[in-house]
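Visitor: Mind having a look at this structure? Questions to follow.
The values are calculated or read from the model by the stated rules, or taken from the named source; none is laboratory data. Note that the structure is a prediction, hence the values are computed from the model and not measured. Glycine gets a Cβ as well: all are built from the backbone with ideal geometry, and neighbour counts include every protein chain shown.
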Amino acid sequence: MPVPSSVPNDQTQPETVDVVVIGGGIAGICTALELSERGLSVAVCEKGIVAGEQSSRNWGWCRQMGRDPRELPLMQHSMQLWRQMHQRTGEDVGYRECGVAYLCDTEAKLAKRQKWHDNYVGAHGLSSRMLSQSEANALTPGAAMTWLGGLHTVDDGRAEPTLAVPAMARAAMRSGVHVVQNCAVRGLERQAGQVSGVVTEHGEIACRQVVLAGGAWSRRFCHNAGISLPQLTVINSVMRTQPIDVGIDTSIAAADFAIRKRLDGGYTVAHATLSMADIMPDSFRLLPDFWPVLKAEWRDYRYRIGQRFLDEARLKRHWSHDEVSPFEQVRILDPIPHDGIQSSALKSLQKSIPAFQKAEIAEKWAGVIDVMPDVVPVISPVDQVPGFFMATGFSGHGFGLGPGAGKLMAQLVCGETPCVDPTPFSLNRFH
């Protein structure tokens, strides 16, 4: 699995802070950094290690192109923050404005990209433009495939997941944030219904506000707290090559593959569309919520029922604050990558761009993506528990959105005018 760069650990948790952030992925770390920069005292409690799950396992794309229009304003704001991240953290997080392109080998795919372009590019002031056949083929020198055209956004970018979030965490710590790793939060403490603190495996932390940025674990935490969060998970399989010179700098999704050039000279490779949807106990509970997206996008998933069903079924859905929680039983989700999906992606890449036939695969891994029924995240207060907020359900879009999501979450916590309209991200849309 990818190993994120190390982050110093606060050996003892603070007794009192203004805000506790649950989860040390990109959404939680960016929220903590923003809150600290506003003068609040903050503790991040991470059950495993910073960026141990999907925040270090994603593709590393930072894209505006192809997004749901509800996400676009926030993503545009996030891109501004990515461009400043090197200066903000004092470290190279790998951000490069390399451009992103969707290259099309069928008329149907080209029409789909054209429709998105026509609907959203002008309305949101994006630089995205449709490529001619010759322009599309120029992005993949030596390709055996002839692309009919494509969609290209020159100012989209990439960053290194194993470097970026740890660098943000170290910057947050220099700003005064307590980052306590191997510290699971078991539950919320409340007084008169209002958040008054959290109980971790190491004791209590008093606070006025709590932000849950728990990724794939958020639904289980919420269920124990009596809060409804309709969230499922899917497994995305990824691999990386040894350094290889193929003359491609743009991040590309085409045919059945997606690639991103890495700082080490290799490429991150994944299937352009396919993920694995394990059938879980919650799959049956939430089928009515997810049925519309399943009908529309069922071809984008492979389905199976197996060991993960049993593993999930064994984990508690209810526990008290003096009991060992599921978050202590499983510190880091480390699923097995799907060989068939990875093999399909690699064959498609090597067939389309023969130079990759010489590529050596250095590592394979998988990550667990938290998905909402409308594939749009929740960045929202929880009205039924004053002082409790959520930043979760990023549906595979969290790495790019992370800096913007952290800023929006901090603004909601502080009662500031938000940088974008938060209505599309409200938890109440599901009730």
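Visitor: Name every residue in segment 152-206 that is outside any strand (DSSP E or B) and at positive phi, in order of residue number.
Guide: Once the filter is applied, which keeps residues that are outside any strand (DSSP E or B) and at positive phi, segment 152-206 yields Gly176, Asn182, Ala192, Gly193.
Conditions tested, residue by residue: (1) touching a residue at least 40 places away in the same chain (Cβ under 8 Å); (2) closer than 29 Å to Gly28 by Cβ; (3) in contact with a His (Cβ under 6 Å, 6 or more places away or on another chain); (4) not in a helix (DSSP H, G or I).
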{"position": "Pro335", "(1), (2), (3), (4)": "yes, yes, no, yes"}
{"position": "Gly340", "(1), (2), (3), (4)": "no, no, no, no"}
{"position": "Leu349", "(1), (2), (3), (4)": "yes, no, no, no"}
{"position": "Gln357", "(1), (2), (3), (4)": "no, no, no, no"}
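Visitor: Ok, one more. Would you check if Ala108 is buried (at least 23 other Cβ atoms within 10 Å of the Cβ), modelled with pLDDT of 95 or more and in a helix (DSSP H, G or I)?
Guide: no
Visitor: On to the next question. Name the one entry in Ala144, Ala159 that is of a type in the set (Gly, Ala, Ser), surrounded by 21 or more Cβ atoms within 10 Å (Cβ to Cβ) and touching a residue at least 12 places away in the same chain (Cβ under 8 Å).
Guide: Step by step, each of Ala144, Ala159 is checked, and only Ala159 is of a type in the set (Gly, Ala, Ser), surrounded by 21 or more Cβ atoms within 10 Å (Cβ to Cβ) and touching a residue at least 12 places away in the same chain (Cβ under 8 Å).
Visitor: Out of segment 27-61, which residues are assigned to a helix (DSSP H, G or I) and touching a Lys or Arg at 6+ places or on another chain (Cβ under 6 Å)?
Guide: Glu34
Visitor: Looking at (1) crowded, with 18+ Cβ neighbours inside 10 Å; (2) over 27 Å from Lys351 (Cβ atoms); (3) of a type outside the set (Ser, Thr, Tyr), find the lone condition where Gly203 falls short.
Guide: (1)
Visitor: Which residues, taken from segment 112-141, are aliphatic (A, V, I, L, M) and either within 16 Å of Arg67 (Cα to Cα) or touching a residue at least 60 places away in the same chain (Cβ under 8 Å) (or both)?
Guide: The answer is Val121, Ala123, Leu126, Met130, Leu139.
Visitor: Return the residues of segment 389-431 that are more than 26 Å from Glu160 (Cβ to Cβ) and of a type in the set (S, T, N, Q); say none if nothing qualifies.
Guide: Those that are more than 26 Å from Glu160 (Cβ to Cβ) and of a type in the set (S, T, N, Q): Gln411, Thr417, Thr423, Ser426, Asn428.
Visitor: In segment 361-407, what residues are farther than 30 Å from Pro243 by Cβ and assigned to a strand (DSSP E or B)?
Guide: Asp370, Val371, Val378, Ile379, Ser380, Pro381, Phe388, Phe389, Met390, Ala391, Thr392, listed by residue number.
Visitor: Here is a list: Cys98, Cys30. Which entry is touching a residue at least 12 places away in the same chain (Cβ under 8 Å) and under 15 Å from the mean Cα position of the chain (by Cα)?
Guide: The conditions single out Cys30.
Visitor: Which of the residues spanning segment 264-281 are more than 20 Å from the chain's Cα centre (by Cα) and in contact (Cβ under 8 Å) with a residue 40 or more places away in the chain?
Guide: Those that are more than 20 Å from the chain's Cα centre (by Cα) and in contact (Cβ under 8 Å) with a residue 40 or more places away in the chain: Gly266, Met280.
Visitor: Inside segment 391-410, can you point out the residues that are of a type in the set (S, T, N, Q) and more than 16 Å from Met75 (Cβ to Cβ)?
Guide: Correct list: Thr392 only.
Visitor: Next question. For Gly398, indicate whether it is out of contact with any Phe, Trp or Tyr (no Cβ under 9 Å at 6 or more places or on another chain), buried (at least 18 other Cβ atoms within 10 Å of the Cβ) and of a type in the set (Gly, Ala, Ser).
Guide: Judged against the criteria, Gly398 is a match.
Visitor: So, one more: Within segment 113-132, can one find any residue that is hydrophobic (A, V, I, L, M, F, W, C), within 23 Å of the chain's Cα centre (by Cα) and assigned to a helix (DSSP H, G or I)?
Guide: Yes; the residues of segment 113-132 include at least one that is hydrophobic (A, V, I, L, M, F, W, C), within 23 Å of the chain's Cα centre (by Cα) and assigned to a helix (DSSP H, G or I).
Visitor: Using the structure shown, decide if Val21 is under 25 Å from Ala213 (Cα atoms), of a type in the set (Val, Ile, Thr) and not in a strand (DSSP E or B).
Guide: No.
Visitor: Next question. Mind telling me which of the residues Ala225, Ala216 ends up being small (Gly, Ala, Ser), on the phi < 0 side of the Ramachandran plot and buried (at least 19 other Cβ atoms within 10 Å of the Cβ)?
Guide: Unique residue meeting the criteria: Ala216.
Visitor: Here is a follow-up. Anything in segment 133-151 that is more than 19 Å from Ser251 (Cβ to Cβ) and assigned to a helix (DSSP H, G or I)? List them, or say none.
Guide: Scanning segment 133-151 gives Gln133, Ser134.
Visitor: So, in segment 321-364, of the ones that are farther than 30 Å from Asn182 by Cβ and of a type in the set (Gly, Ala, Ser), which residue ends up nearest to the chain's Cα centre (by Cα)?
Guide: So, considering only residues that are farther than 30 Å from Asn182 by Cβ and of a type in the set (Gly, Ala, Ser), the one nearest to the chain's Cα centre (by Cα) is Ala345.
So that you can scan it fast, the table gives a plain yes or no per residue for (1) in contact with a strand residue (DSSP E or B) (Cβ under 7 Å, 6 or more places away or on another chain); (2) surrounded by fewer than 23 Cβ atoms within 10 Å (Cβ to Cβ):
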| site | (1), (2) |
| --- | --- |
| Leu40 | yes, yes |
| Cys45 | yes, no |
| Gln64 | yes, no |
| His86 | no, yes |
| Val100 | yes, no |
